[in-house]
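Each reported figure results from applying straightforward, stated rules to the coordinates on display, with no laboratory input. In this text the structure is predicted, and so the values were computed from the model without any measurement. Here the Cβ is made from the backbone with ideal geometry for all residues, glycine too, and neighbour counts use every protein chain on show.
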2 protein chains.
Amino acid sequence: MWDDEGPSVPPGDIPDIVIRRLPIYVRTLKSLCDRQVGSASSEQLAEMIGVTAAQIRRDLSYFGKFGKQGKGYDTHRLVEAISGILKLNRQWPVALVGLGNLGRAIANYRGFTPSSFTIAAVFDRNSGQIGQTVGELKILPVDDLPTTMRDEHIRIGIIATPKVHAQETADLMVKGGVQAILNYAPVILKVPDSVTVREIDPVSALQSMTYYIDEG
Amino acid sequence: MWDDEGPSVPPGDIPDIVIRRLPIYVRTLKSLCDRQVGSASSEQLAEMIGVTAAQIRRDLSYFGKFGKQGKGYDTHRLVEAISGILKLNRQWPVALVGLGNLGRAIANYRGFTPSSFTIAAVFDRNSGQIGQTVGELKILPVDDLPTTMRDEHIRIGIIATPKVHAQETADLMVKGGVQAILNYAPVILKVPDSVTVREIDPVSALQSMTYYIDEG
């Protein structure tokens with residue numbers, strides 16, 4: 001049931017909202033594998049993730065048949081398959097720009113490496129920062145960004161600069177051939193259509209929760 | 001056209017995905033107000049935000065009529081109206097737990113205060129941290145969390161602890177009467193239905209972008 005069916009739809013036709021949920025499936029399945037759980041039903045996964053079983057089945061159906069009727073999903077094979085779809089079976093070098101408090105927290109975060117990402121180069125525009133080291137990386141001047149990205153085949157950038165420098169940083173990343181930007185600055189970036197941007201936006205997250213608060 | 005129509009649907013019936021977009025409208029409209037732009041069409045807003053004009057009109061229609069045919073939206077009134085809907089016309093105190101690199105970056109972030117949130121109390125479980133100050137706040141032992149939250153009417157919590165302590169922190173927040181949690185730990189929290197949780201999850205964001213990268 002696994003190998004004889006390809007993806008049900010061409011890649012471009014999978015809704016982005018489904019793609020965004022796949023990392024959660026990977027994380028959940030990995031935690032099951034770590035606990036030696038070899039199979040799981042869509043109901044069990046749904047309970048762990050907090051979505052409906054129907055949604056999980058619908059999401060996974062985009063990629064072919066992953067489960068056997070009545071037997072649930074093989075956790076190891078499913079995590080491998082989704083990781084393959086997301087291209088996580090390799091290590092991706094990442095360029096980080098902006099080494100203030102936030103940038104340093106990102107540079108020191110230990111969760112990226114086991115998740116397929118390595119902070120490979122760090123940049124700042126502040127001459128006081130340039131030349132300092134963060135972990136094992138020397139902070140480079142931001143003007144070196146395009147060249148370093150091309151030389152080191154870096155296609156992913158993280159922007160942790162102040163708001164006012166976010167767009168010019170994105171422009172330098174585009175010059176360097178960036179294809180994916182994780183943006184911590186509260187700015188909507190203008191980039192070519194070929195570049196995917198995700199925002200890390202704690203203010204918007206907080207502001208969308210107060211709506212639900214009962215002030216009584 | 002503004003005052004004579006109430007919300008089109010009861011609050012509980014507005015899809016969460018719409019609620020999540022409202023802060024982006026607020027931010028965009030505020031930037032227009034700052035630039036003395038008094039009105040904007042859905043097309044202009046759409047261009048700034050990167051969604052379709054139809055989506056903006058559809059989103060805003062949940063809350064009544066905000067625009068005049070052919071005249072666009074009054075930016076000042078619309079930002080006031082959406083801020084009111086999201087309950088942002090006040091300052092919300094927030095409890096922050098976990099004062100590592102990330103927690104300190106959050107505590108020092110200047111973007112919360114102008115956006116209606118004040119970090120009002122900070123907690124850690126590490127005795128080496130307790131009693132230190134971050135900005136003007138003294139770090140309190142995490143066991144004080146429920147009492148402090150109740151005493152200071154704090155209904156919002158931010159979890160910036162290591163993964164292993166995230167659930168127990170959430171449990172303490174629930175004891176303190178939390179209604180909204182912003183969770184930076186890569187863990188899916190179990191909380192009562194009355195609590196809204198949003199995740200800040202840079203790893204998932206990165207993992208959902210590699211899908212689109214052209215490795216060629």
task: Select from A:Ala53, A:Ile82, A:Gly72 the residue farthest towards the positive end of the dipole of chain A; place +1 on Cβ of Lys and Arg, -1 on Cβ of Asp and Glu, and compute about the Cα centre.
output: A:Gly72
- prompt: Which FRET efficiency value, to the nearest 0.05, is calculated for A:Cys33 and A:Ala54 with the Förster distance at 35 angstrom and r the Cβ-Cβ distance?
  reply: 0.90
field: Cα-based helix-to-principal-axis angle, A:163-175 vs chain A, degrees rounded to 10
entry: 80
- prompt: What are the label-to-label distances in nm, one decimal and shortest first, from A:Lys87 to the same spot in the other copies, with labels 7 Å along Cα to Cβ?
  reply: 4.2
- prompt: Under a point spin-label approximation (7 Å from Cα along Cα-to-Cβ), what is the A:Asp214-B:Asp16 distance to one decimal in nm?
  reply: 1.8
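Let's see if you can work this out: charge +1 on each Lys and Arg Cβ, -1 on each Asp and Glu Cβ, no other charges. What is the dipole magnitude of the protein assembly as shown about its Cα centre, in debye to the nearest 20? Present the calculation step by step, with values, prior to reporting the outcome.
Working: 46 positive and 48 negative charges, 38 e Å.
For the protein assembly as shown, the charge dipole is close to 180 debye.
Expressed as a rounded percentage, what relative contact order does chain B have, with Cα pairs under 8 Å and six or more residues apart? Before the final figure, lay out the partial values.
Details: 307 pairs, mean separation 29.8, N = 216.
After rounding, I find 14 percent.
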field: Low-density loop positions, trypsin sites (Lys or Arg not before Pro), the stretch A:126-216 - DSSP coil, at most 16 other Cβ in 10 Å
entry: A:Lys190
message: Under the rule a/c < 1.5 gives rounded, and otherwise a/b versus b/c splits prolate from oblate, where does the protein assembly as shown land using the Cα gyration tensor?
response: rounded
- prompt: Based on the Cβ-Cβ distance of A:Glu152 and B:Glu47, what FRET efficiency does E = 1/(1 + (r/R0)^6) give at R0 = 41 Å, to the nearest 0.05?
  reply: 0.75
message: Suppose you put the label 7 Å out from Cα in the Cβ direction; list, shortest first and in nm with one decimal, how far B:Glu215 is from each other copy's label.
response: 5.3
query: Which of the GluC sites (Glu not before Pro) across the stretch B:140-216 are loop residues per DSSP, with 15 or fewer other Cβ within 10 Å?
result: B:Glu152, B:Glu215
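So which trypsin sites (Lys or Arg not before Pro) in the stretch B:31-62 are both in a DSSP loop and have at most 12 other Cβ atoms within 10 Å of their Cβ? Let's see the in-between values first.
Values: sites: B:Arg35, B:Arg57, B:Arg58; in loops: B:Arg35.
The qualifying sites are B:Arg35.
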Across the identical copies, how the B:Glu136 labels are spaced - nm, sorted shortest first, 7 Å along Cα→Cβ: 4.4
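Would you calculate, for chain B, the mean residue ellipticity at 222 nm contributed by helices, counting each DSSP H stretch of 4 or more residues as -39,500 (n - 2.57) and dividing by all residues, to the nearest 500?
Working: 8 runs with 81 residues, N = 216.
Helix-only estimate at 222 nm: -11000 deg cm²/dmol.
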statement: One finds the C-alpha centres of the stretch A:63-137 and the stretch A:194-212 to be spaced, in Å, by 20
- prompt: Angle, helix B:75-85 long axis vs. longest principal axis of chain B, Cα atoms, 0 to 90°, nearest 10?
  reply: 50
